[in-house]
Amino acid sequence: MSSGDFLEGLESEVSADLAMARAGAPAADTPPSEWLVDPEEVEVEQTEYTSLLGAVQALETDRMDPGETPTGRGDTARGQWEE
């Protein structure tokens, strides 16, 4: 499996997990006694998945443009992800 295939698969998995986290949040009009999950925990989970999805997409961009160094990152950080 190439790194590109891995990243594409990871992006799909994270997107699916993010969609499930969003679907699991209780509706705004649901009383707390009927919540199956804590809305704050759902929000934290959504934030984590969104952050992870952004990181995966950044890695995909880096992989597609190997000659350019993104702002704020040195060659050392880039080198550890390339094969």
task = For region 5-22, take each phi angle, set θ = phi - 60°, evaluate the Karplus expression 6.51 cos²θ - 1.76 cosθ + 1.60, and give the result in whole Hz per residue in order, putting x for glycine and proline.
result = 5, 4, 5, 5, x, 5, 4, 4, 5, 5, 4, 5, 5, 5, 5, 5, 5, 5
remark   = With all protein chains in place and a 1.4 Å probe, Thr50 shows an accessible area in Å² (nearest 10) of 70
message = Please list, in order along region 24-36, the HN-Hα scalar couplings obtained from phi with the Karplus expression 6.51 cos²θ - 1.76 cosθ + 1.60 (θ = phi - 60°), rounded to whole Hz, x for Gly and Pro.
response = x, 6, x, 5, 4, 8, 7, x, x, 5, 9, 5, 8
key: Cα-projected label distance for Ser15 with Ala55, points at 7 Å along beta-carbon direction, nm   = 2.0
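The values are calculated or read from the model by the stated rules, or taken from the named source; none is laboratory data. Since the structure is predicted, the reported quantities are computational estimates derived from the model, not experimental observations. Here Cβ is always computed from backbone atoms with ideal geometry, including for glycine, and neighbour counts include all displayed protein chains. Areas reflect the complete protein model, heavy atoms only, side chains present, ligands, DNA and RNA absent. Shrake-Rupley method; radii C 1.70, N 1.55, O 1.52, S 1.80 Å.
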